[in-house]
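Where a number appears in this text, it was derived from the coordinates with a stated rule and is not lab data. Computed from a prediction, not measured in an experiment: that's the story for all the values here. Every residue, glycine as well, gets a Cβ built from its backbone with ideal geometry; the counts of neighbours run over all protein chains shown.
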Amino acid sequence: MRILYREIGEQNEITVYDTDEYSGERGRFRILQFSDNAMQGAMDLDQPERILFEYPQAMLHLMACSGVSSGSVFLIGHGIGTIARHCTGRVKAAELDAQVVELSRRYFGYSGTNVAVGDGRELLANESAHSYDFIVLDAFSDKGTPRHLTSTGFFELAASKLDEEGAIIINLMGKSENDANIAAIHATLREVFPNVKAFALPAASAADRRNYILVGGGGTIPYQARKMAGFVEIELGHGYIIED
């Protein structure tokens, strides 16, 4: 491992490093990592357009499968810019930490001018009503997804910014079984959106943490299982409602 950058920023301790191994594969990889050792972004330096994480692959497929050929996207959580650079339509990204935006440019080649620095909920509130096909939530702190981005108030705000057939797509991390927070976010999403689906990556044991994707929309939520990068549709139990 070769460390390129390390600093305690406004939101997290941030490290950028190069490594010759990623997920058991040999090669040349560059990683953006926060203080809890959680990877926030990864790039194959020999194939920069390749998407290494499963969840962006699945999220992009859900958008592509919606029938919207070139949708407008509001993205909360920029990271290294993986989702933003692979969306084909109009994209506006919100990133809380200005240092993350700078690192995405300096070390990961992000060249877009569509990233605003600030709280994603506050920035979304300033957008016009019904102006987006998708809102993508991919925001994490060392305590997980911020609560104010998973409440009824936030989901009602998101619904007001989506068009009639639009959808919110959320990346989450949680326990592989009986995660009360995941169930609560799912239940809260169902309070606002008529159609909701949940997906998760398989886990080896009940003690493992894994990625979840929740989708809420006004219309149907189509997808092709073979293109979901390993995510499978699941049923979640009852949860409490998250209020502001």
With Cα atoms, 0 to 90° folded angle of helix 152-161 axis to the chain main axis: 90 degrees
Neighbour-count order for S160, S23, fewest beta carbons within 10 angstrom listed first: S23, S160
Listed residues A116, P48, A229: farthest to the positive end of the dipole of the chain (Cβ charges): P48
Unit Cα scatterers, Debye sum, segment 99-223: log10 I(q)/I(0) for q = 0.16, 0.22 Å⁻¹: -0.87, -1.30
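Arrange L137, L124 by Cβ neighbour counts within 10 Å, fewest through most, would you?
Numbers: L137 28, L124 21.
Fewest-to-most ranking of L137, L124: L124, L137.
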Footprinting exposure proxy for R106, R2 (fewest neighbouring C-beta atoms within 10 Å first): R2, R106
Charge dipole (debye, nearest 20) of segment 135-204; +1 at Cβ of Lys and Arg, -1 at Cβ of Asp and Glu: 200 debye
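Tell me the GluC sites (Glu not before Pro) within segment 19-111 that lie in a loop according to DSSP and have at most 11 other beta-carbon atoms within 10 Å.
Passing sites in segment 19-111 are E49.
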In degrees, nearest ten, helix 180-192 long axis to first principal axis of the chain (Cα): 50 degrees
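Taking only pairs that are 8 or more places apart or on different chains, how many Lys pairs in segment 129-244 have Cα atoms under 25 angstrom apart? Could you put the intermediate results ahead of the total?
Details: K143/K175; K143/K197; K161/K197; K175/K197; K175/K227; K197/K227.
Taking segment 129-244 as the scope, the lysine pair count is 6.
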Tensor-based shape of segment 1-121 (alpha-carbon gyration tensor, a/c under 1.5 rounded, otherwise prolate or oblate): oblate
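Trypsin sites (Lys or Arg not before Pro) within segment 18-56: which are DSSP loop residues with at most 13 other Cβ atoms inside 10 Å? Don't skip to the end; give the middle numbers.
Details: sites: R26, R28, R30, R50; in loops: R50.
Answer by residue number: R50.
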Label point distance in nm, R90-Y5, each placed 7 Å from Cα along Cα→Cβ: 3.0 nm
Degrees between helix 54-64 axis and first principal axis of the chain (Cα, 0 to 90, nearest 10): 50 degrees
Sites matching GluC sites (Glu not before Pro) across segment 147-244 that sit in DSSP coil, with at most 14 neighbouring C-beta atoms within 10 Å: E177, E235, E243
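Full extension from E25 to E156: what is 0.36 nm times the residue separation minus their Cα-Cα distance, to one decimal in nm? Working shown, then result.
Working: separation 131, 0.36 × 131 = 47.16 nm, distance 4.21 nm.
Taking E25 through E156 to full extension adds about 43.0 nm, to one decimal.
Using a Förster radius of 22 Å, what is the FRET efficiency between E233 and D44 based on their Cβ-Cβ separation? Nearest 0.05, please.
Numbers: r = 28 Å, r/R0 = 1.29.
FRET efficiency, E233 to D44: 0.20.
Counting Lys and Arg as +1 and Asp and Glu as -1, each charge on the Cβ, what is the dipole of segment 1-128 about the Cα centre in debye, to the nearest 20?
Its charge dipole is roughly 400 debye.
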Selected from V136, H61, V192, residue furthest toward positive end of dipole (the chain; charges at beta carbon): H61
The chain, dipole about Cα centre (Lys/Arg Cβ +1, Asp/Glu Cβ -1), debye to the nearest 20: 500 debye
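How far, in nm, would the chain grow between D18 and R105 when pulled straight, counting 0.36 nm per residue and subtracting the alpha carbon separation?
Values: separation 87, 0.36 × 87 = 31.32 nm, distance 1.58 nm.
Between D18 and R105, full extension yields 29.7 nm more.
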